[in-house]
Amino acid sequence: MSSRTAPKPIVVVMGTTGDEPPPGIDAIAGDVDLRYAPDRTSLERLIVDAEVVYTWWGDRDDLEAAWPLARGLRWVAASNVGINRLLFPRLVESDVILTNARGAADGPIAETVVGFVVAMAKGFRRMFDRQRARVWELHEMERLAGRRVLIVGPGPIGRAIARALRDGVGMRVEAVGRTARSGDDVFEAIRGVEALHAALAEADYVIDTMPLTPRTRNVFDAAAFASMKPTARFVNVGRGATVVEQALIDALSSGRIAGAALDVFEEEPLPTDSPLWDMENVIICPHMSGDVEGWEADFAEVFYDNVHRYLHGEPLRNVVDKRLGFPTGDDRLS
């Protein structure tokens with residue numbers, strides 16, 4: 001298609017002022033009419049003429065409140081990957097396109113998960129505790145090569161984790177997705193959700209990378225943890241509400257599973273009275289598995305690329321199926 005001509009589309013950036021814009025925004029500043037809405041009042045005023053809203057780190061409730069005032073809104077670009085809170089009814093039911101930042105954090109999260117897995121296998125927490133106590137104590141460490149990993153949610157983040165564990169550590173990797181299909185260049189096999197418990201029973205490490213949708217809420221309940229090996233470890237870098245947290249606590253405290261590394265929780269920040277804080281077989285990461293130096297620029301770059309696509313009439317990346325709650329442009333990625 002030919003390039004878009006004037007007038008420039010009005011793009012409203014939520015949650016910030018022009019004095020502190022998203023990093024790298026000059027990449028699109030000459031092509032669009034940028035306006036900033038640091039609060040609800042300014043958003044309600046600016047959304048009237050907006051063609052595009054970029055949520056940046058603005059408040060979802062502000063967007064829902066301003067929604068009835070929008071007259072020509074065509075596209076909402078979420079600044080993050082997880083968009084479950086953004087799916088308020090009027091947005092879901094509208095014709096407005098929704099995109100997310102899928103792809104921005106795949107590598108950093110995969111690196112963190114590799115760290116979690118290695119730390120649990122080698123007993124690093126125990127080692128560090130003994131170091132602080134000045135205790136010289138030997139323990140046997142687990143070898144990771146050949147161990148079985150199950151990725152529950154084979155989207156881009158799950159695939160990046162699978163590659164890192166397979167290529168970097170020599171682990172065997174399978175997945176559970178929405179539907180069963182043959183293995184591919186990353187996974188030995190991809191089973192459907194109906195085979196989740198059977199797949200859990202075979203895994204040494206279970207990695208939850210699922211988005212939060214009505215279908216994924218509470219997938220990891222008492223029955224799921226009961227299906228796992230007593231020697232298995234659980235890692236969650238998906239969404240906290242995909243797990244029944246009390247069931248996880250019970251499984252960890254009873255020895256039903258051997259350990260966990262958790263980046264996300266039902267309630268964040270994790271309450272100070274949660275038993276998870278004191279468990280020696282748990283690693284707690286405060287929802288920062290993808291927060292590497294320069295991460296904000298990486299997330300913003302996904303939006304800038306999409307703006308150029310939008311201006312040239314090209315298909316947008318990461319268009320969300322608002323009924324399902326995640327992008328579905330590539331059937332391998334779900």
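Here, each number is a calculation from the coordinates, and none is a lab measurement. Just so it is clear, the structure is predicted and the values come from calculations on it, not from any experiment. In this analysis, Cβ positions are derived from the backbone assuming ideal geometry, glycine residues included, and neighbour counts consider all displayed protein chains.
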So how far apart, in nm, are the two label points at D250 and A119 if each is 7 Å from Cα heading toward Cβ? 2.7
Working from the pairwise distances between different alpha carbons, so that the mean of 1/r is found and then inverted, what is the chain's Kirkwood radius in Å? 21.4
Would you grab the residues whose amide H sits under 5 Å from the one on A203? Only those 5+ places off in sequence or on another chain, please, with H modelled 1.01 Å from N. K229
Overall dimensions of segment 1-73 as given by Cα atoms, namely Rg and Dmax in Å: 12.3, 38
For K229, list the lysines whose Cα falls under 20 Å from its own Cα; do not include residues on the same chain fewer than 8 positions away. K122
What span do the alpha-carbon atoms of segment 106-284 cover on each of the three principal axes, reported in whole Å from largest to smallest? 51, 35, 28
Taking 22 Å as R0, compute the FRET efficiency from the Cβ-Cβ separation of W295 and V135 and round it to 0.05. 0.05
List the relative contact order of the chain as a percent without decimals, with contacts defined as Cα pairs under 8 Å and 6+ residues apart. 17
Distance in nm between pseudo-label sites at K229 and T17 (7 Å out along the Cβ direction from Cα): 5.7
Length gain on complete extension for the stretch F88 to D185, per 0.36 nm per residue less the alpha carbon to alpha carbon distance? 31.3 nm
Surrounding charge for F299, neighbours by C-beta under 11 angstrom, Lys/Arg +1, Asp/Glu -1, total -3
Between W277 and R143, what is the FRET efficiency for a Förster distance of 25 Å, r being their Cβ-Cβ separation, to the nearest 0.05? 0.25
Segment 106-284: relative contact order from alpha carbon pairs under 8 Å, six or more residues apart, as a whole percent, is 17
Can you give me the long-range amide H partners of M171? Hydrogens built in the peptide plane at 1.01 Å from N, cutoff under 5 Å, separation of 5 or more residues or another chain. G146, R166
Of I157, I28, I190, which has the largest mean-square fluctuation in a 10 Å C-alpha GNM of the chain? I28
Other-chain or far-sequence residues with amide H under 5 Å of V176's (modelled H): I151, V152, G153, R191
Return a whole-number percent for the relative contact order of segment 241-294, with Cα pairs under 8 Å and 6 or more residues apart as the contact set. 36
What size of dipole, in debye to the nearest 20, comes out for the chain about its Cα centre when the only charges are +1 on Lys and Arg C-beta atoms and -1 on Asp and Glu C-beta atoms? 900
Based on the Cβ-Cβ distance from R71 to V193, what FRET efficiency comes out when R0 is 45 Å, to the nearest 0.05? 0.65
Beta bridges per DSSP with both ends in segment 177-292, % antiparallel, nearest 5: 15
